[in-house]
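Heads up: the structure comes next, in structure tokens.
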Amino acid sequence: MEKQLFSDFAPVTRRQWIDKMIQDLKGRPYEKLIWESPEGIPVEPAYSREDTKDLSLRDGQPGKFPFHRGYHTRQSWIIGQDITVQDPKEANKQALLAIKGGAEALGFIYPDIPDPCIGMDGLLENIELEKVPVFFENSFHPYTLFTGLKQALSEAGVSPASFHGAVSFDPLGFLTVHGDYPSTEKDTFFSGREILEEAGELFPHLRTLAVHADIFNNAGGTAVHEIGYALATGNEYLSYYTKEGIPIDNVANHILFLFAVSGNFFMEIAKLRAFRMLWSIVMKTWEPEKPEHLTTHIHATTALRNKTLYDPYVNILRTTTESMSAILGGANSLTVRPYDMLLKGYREPSARLARNIQLILKNETRLHEVTDAVAGAYYIEKLTRQLADKAWKLFQEVEKEGGYRKALKNENIQQALSDSLEKRLMNIAARKEILVGTNHYPNPQERVTDEGSMDHLGMSWSPGRKLIRPIDIRRLGEEIESLRLTTELAQKKPVVYLLGFGSPAVRNNRENFVLNLIGCAGFSFTETAPGATPGEHIKEINRIHPDLVVLCGDDEGYPEMTEKLKKELTYKPILAIAGLPEKNMETLKIQGIHFFLHQKVDLPETLRDLQKALNLIQ
């Protein structure tokens, strides 16, 4: 059928496609259309079969080594719901509501604090533990959790062999984030050994070692960093515990990888595919007896770093595309963060919306019935290989350094993540990377309630001493949000008057630009009548006394309008200009213009300077 169909069409070469693109773009060089991703991968505007002809990935099969096309022949996944445990009985109520609302697995997150006892009193009551996988998260008391789980299963009459889930113990992840272990290094790793040895005999489906690759994402890392450092962490655990006498099959069977999925749709799909392939290659070198131990469990969570306090409904859109990336990339389970969790914590209405994203993708789009929906897509296949090559090189560099712990001690991992984060923050500041509602298209009238602390990560404990330098975990919008909160909490919110004049096109353009720029600080804007004369503007300004007046007009008209303001205003507001009139800048500065608002400004720096000028901050 394929030969009969395509024999009717002349083949089109890659060169022909490129020539056609250049023709349509009126001769613009093709190279100008290529951009470089944060991973250092050149992304072309179009891909063809020729881009994949030399890739060994193209002919792989689902469920077959090296598993880039998935571990199974169907692309099904488990719908997860995370619940923070402050009170076990209250968490149980939330869990039962989540299951009733469509959750297929539960994640119980215990805060990382050293003192309080970990309790399970009533936590697992009325949960069908043979059917519902349960994942536990706590770095201080993993063995206590494991013991509590055994007791709960015994009381419920559930065989450990039929239970699926995890006690996610990740000492290296804890060290990376906090700068030290929960206890001594020896005692910390010994806790993991105790659980591994007991779980190996009792729990064939319980994952007890976790690799939190999501921390690299939330520290600003690229997909290459996430994959490379996840491989290095996982390999460190394999090396450590096999040296302790635990068989490789036991360690491999109990390891779990947790990835955050961000907004770069295709890159995130390729990330999970590339990792799955590379981990199977790592495992193959360890020669496990059972072929199924070449695979692992990949749990994905929608990313934290691009989520925002302001305009939180946009987070729903972000998590929707991220969920699709995780599913199409082949995640085994997925948790979607509630859209307003940064401000309000766990609320069932928000949790329900988060679950419904997955329920729609599963039950209405039926993605779980498709086998590797992205297979053969030229761009994704090429991207998978490029990511895999770069991540493997990074993994090898870490191994040459002596492994993950040595690389942490030498601060090479921290520095790489810090450099990547700095580039992202610079892009946010320059608005090359957009966070809708935060650094672009803000709603200046929006207010968030004063929650006091912006401790959005729940990192409520930090060691007094640091064994190593911890990584810097933060959201991309934090700095701008902090500035906006300063405005919101001020006794008097600054008022901005947009003085538009000149040609309507230029005036409207610049007024919209200013609204989108300094609106990110949450200032109030007054309504200005379209077509008002300069005299009418000045009369209105003298009447309402705005704190900041921004001129929005033609460059040539700025000196005359500024001089008119200087003569006729009855008080002295802060004056700014929309644009960068280089010919008249010195004249305008002498006339009293304080700020020039244009495309090249650093957004946080500009907002901070405006707040200083308006006496909001020192």
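Assorted remarks:
- Residue that is farthest from residue 195 (Cα to Cα) [pool: residues in the range 150-170 that are surrounded by fewer than 23 Cβ atoms within 10 Å (Cβ to Cβ) and among the aliphatic types (A, V, I, L, M)]: 156
- With respect to the conditions (1) within 20 Å of residue 337 (Cβ to Cβ); (2) among the aliphatic types (A, V, I, L, M); (3) part of a helix (DSSP H, G or I), residue 210 falls short on a single one, namely (3).
- Of the helices (runs of 4 or more DSSP H) contained entirely in the range 213-320, those carrying at least 2 residues that are charged (D, E, K, R), surrounded by 18 or more Cβ atoms within 10 Å (Cβ to Cβ) and out of contact with any Cys (no Cβ under 6 Å at 6 or more places or on another chain) fall at 223-243, 265-286.
- Test: residue in the range 396-415 that is closer than 24 Å to residue 36 by Cβ, modelled with pLDDT of 95 or more and in contact with a His (Cβ under 7 Å, 6 or more places away or on another chain): no
- The range 520-536, subset part of a helix (DSSP H, G or I) and without any contact (Cβ under 8 Å) to a residue 40 or more places away in the chain, residue surrounded by the most Cβ atoms within 10 Å (Cβ to Cβ): 534
- Whichever residue in the range 383-412 is over 23 Å from the mean Cα position of the chain (by Cα) and within 30 Å of residue 50 (Cα to Cα) and, among such residues, is surrounded by the most Cβ atoms within 10 Å (Cβ to Cβ): 396
- Residue in the range 7-42 that is least open to solvent (accessible area, probe 1.4 Å), counting only those that are out of contact with any helix residue (DSSP H, G or I) (no Cβ under 8 Å at 6 or more places or on another chain) and β-branched (Val, Ile, Thr): 34
- Cross-chain or 6+ apart pairs with Cβ under 7 Å, the range 268-285 first and of a type in the set (Asp, Glu), then not in a helix (DSSP H, G or I): 268/261; 268/262
- Restricting attention to the range 491-515, the residues that are open to solvent by 30 Å² or more (accessible area, probe 1.4 Å), more than 20 Å from residue 559 (Cα to Cα) and of a type outside the set (Lys, Arg) add up to 5.
- Picking from residues in the range 348-386 that are touching a helix residue (DSSP H, G or I) at 6+ places or on another chain (Cβ under 8 Å) and basic (Lys, Arg), the one that is nearest to residue 301 (Cα to Cα) is 355.
- Among (1) in a helix (DSSP H, G or I); (2) open to solvent by less than 50 Å² (accessible area, probe 1.4 Å), the one test that residue 543 misses: (2)
- Considering residues of the range 171-208 that are out of contact with any helix residue (DSSP H, G or I) (no Cβ under 7 Å at 6 or more places or on another chain) and among the hydroxyl-bearing types (Ser, Thr, Tyr) only, the residue surrounded by the fewest Cβ atoms within 10 Å (Cβ to Cβ): 184
- Residue match in the range 154-164 (condition: free of Cβ contacts under 8 Å to residues at least 12 places away in the same chain and among the acidic types (Asp, Glu)): yes
- Scoring residue 361 on the criteria (1) in contact (Cβ under 8 Å) with a residue 24 or more places away in the chain; (2) surrounded by fewer than 19 Cβ atoms within 10 Å (Cβ to Cβ) leaves a single failure, condition (2).
- Single match in 270, 213, 223, 300 (criterion: over 30 Å from residue 519 (Cβ atoms), among the aliphatic types (A, V, I, L, M) and more than 15 Å from the chain's Cα centre (by Cα)): 270
- The residues listed here are 575, 565, 580, 517; of these, the one that is under 17 Å from residue 507 (Cα atoms) and part of a helix (DSSP H, G or I) is 517.
- Close pairs (8 angstrom Cβ cut-off, 6 or more residues apart or separate chains): among the hydroxyl-bearing types (Ser, Thr, Tyr) in the range 575-587, open to solvent by less than 40 Å² (accessible area, probe 1.4 Å) anywhere: 587/559
The values are calculated or read from the model by the stated rules, or taken from the named source; none is laboratory data. The model shown is predicted, which means the values in this text are computed figures rather than measured ones. As a convention, Cβ positions derive from the backbone with ideal geometry for all residues, glycine included, and neighbour counts pool all protein chains shown. All accessible areas refer to the heavy atoms of the entire protein, side chains included, with ligands and DNA or RNA removed. Shrake-Rupley method; radii C 1.70, N 1.55, O 1.52, S 1.80 Å.
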